[in-house]
1. Out of everything in the range B:132-147 that is in contact (Cβ under 8 Å) with a residue 12 or more places away in the chain and under 21 Å from B:Leu164 (Cβ atoms), what residue ends up being nearest to the other protein chains (Cβ to nearest Cβ)?
2. Which of the residues that make up the range A:85-103 are assigned to a helix (DSSP H, G or I) and under 13 Å from A:Thr35 (Cβ atoms)?
3. Just the residues that are assigned to a strand (DSSP E or B) and either among the polar types (S, T, N, Q) or surrounded by 20 or more Cβ atoms within 10 Å (Cβ to Cβ) (or both), please, taken from the range B:137-167.
4. Do you know which residues across the range B:87-105 are in contact (Cβ under 8 Å) with a residue 12 or more places away in the chain and either assigned to a helix (DSSP H, G or I) or within 10 Å of chain A (Cβ to nearest Cβ) (or both)?
5. Only one of these conditions is not met by B:Ala84: (1) within 13 Å of another protein chain (Cβ to nearest Cβ); (2) touching a residue at least 12 places away in the same chain (Cβ under 8 Å); (3) surrounded by fewer than 17 Cβ atoms within 10 Å (Cβ to Cβ). Which number is it?
6. Can you tell me which of B:Pro111, B:Pro127 is over 30 Å from B:Leu15 (Cβ atoms), under 17 Å from the mean Cα position of the chain (by Cα), at the interface with chain A (Cβ under 8 Å from one of its Cβ atoms) and assigned to a loop (DSSP other than H, G, I, E, B)?
7. Could you grab the pairs with beta carbons closer than 6 Å, sequence gap of 6+ or different chains, first residue in the range A:3-14 and in contact (Cβ under 8 Å) with a residue 24 or more places away in the chain, second one of a type in the set (Gly, Ala, Ser) and surrounded by 14 or more Cβ atoms within 10 Å (Cβ to Cβ)?
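The values are calculated or read from the model by the stated rules, or taken from the named source; none is laboratory data. Everything quoted here is computed from the prediction, not taken from an experiment. We place every Cβ from the backbone using ideal geometry, glycine too, and count neighbours over all the protein chains shown.
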Amino acid sequence: MAQALDVLSWILLLGGAGFVLIGGIGVLRLPDLYTRMHAASLTDTLGTLLIIGGTMVQAGLTLASVKLAAIAVFLLLTGPTATYALANAALLAGLLPRDADMPEDLPK
Amino acid sequence: MARMLLSTEPIMRILLTLLLWFLAWLLWSGMYKPLLLGLGVLSCLLVLVLSLRMGFFRQDVFSLHLVWRLLPFWGWLGKELIVANLQIARIVMSRRPAISPTVIKLDALSPDPVGQAILGNSITLTPGTVTVDDHEGELLVHCLTRELAESLQEGEMNRRVAALGKD
């Protein structure tokens, strides 16, 4: 039983690490700020969730698991807010998405 | 500050919120020494000052029925998250990433600011789509591919978020 839980938590942790790695590769490969933010959100979402899930399996049914779940909820609530602040600041500073289809009536 | 508090803010709600914050502090900390309890009280008061400055207590932001509807919505969003994560991971790792960046305007079906914030954040949370602006319910969304933009315009997420706020 303990071994099965260990295997499960390792699968979750390695899966999370994989998504963090792919997110990092994406940030390097994609062409501009806006497209790179899409890659970074892999790290924010499944990467984080799988790693927290893996640590929760290790912690079992304890207060530590409740705290980890709360951390996951807070990250999922604040992550997109920070991303929005970054994207909005870039747009207001006049950085336009490269090679993107824009709505016609948007002032260039 | 004191005058503003007495004249316009609902005292009972503020006291109840303070109590909840302090209980949360006790739960997270788990240590009951005078120093840590004092720091907890100070933190709660500091958060109260910031919330008052934000006008947090002047509008009904959280109601209980929203919380109950959020749980099934989060379940649906979680499924969307997994699908989108795999999709973007495949694009990133392909030999020549097939991207067609597209910016679209999306009219939020939800009339209130909280619903629009939930919609904007849900869009951003899903990999492949990022909300870059919200002007009075008109969201500007940057999508990594044209297909993602089209599926967003079909509006399932928009409808689900709007349904959260219906009475």
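1. B:Asp134
2. A:Ala87, A:Ala90 - these are the residues of the range A:85-103 that are assigned to a helix (DSSP H, G or I) and under 13 Å from A:Thr35 (Cβ atoms).
3. B:Leu139, B:Leu140, B:Val141, B:His142, B:Cys143
4. Hits for the range B:87-105 are B:Gln87, B:Ile88, B:Ile91, B:Ile99, B:Ser100, B:Pro101, B:Thr102, B:Val103, B:Ile104, B:Lys105.
5. Answer for B:Ala84: the failing condition is (3).
6. Going through B:Pro111, B:Pro127 in turn, the sole match is B:Pro127.
7. A:Ser9/A:Gly54; A:Leu12/A:Gly53; A:Leu12/A:Gly54; A:Leu13/A:Gly54
To keep it simple, each residue is scored yes or no on (1) assigned to a helix (DSSP H, G or I); (2) within 10 Å of chain B (Cβ to nearest Cβ); (3) modelled with pLDDT of 95 or more.
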| residue | (1), (2), (3) |
| --- | --- |
| A:Leu42 | yes, yes, no |
| A:Ile51 | yes, no, yes |
| A:Ser65 | yes, no, no |
| A:Leu76 | yes, yes, no |
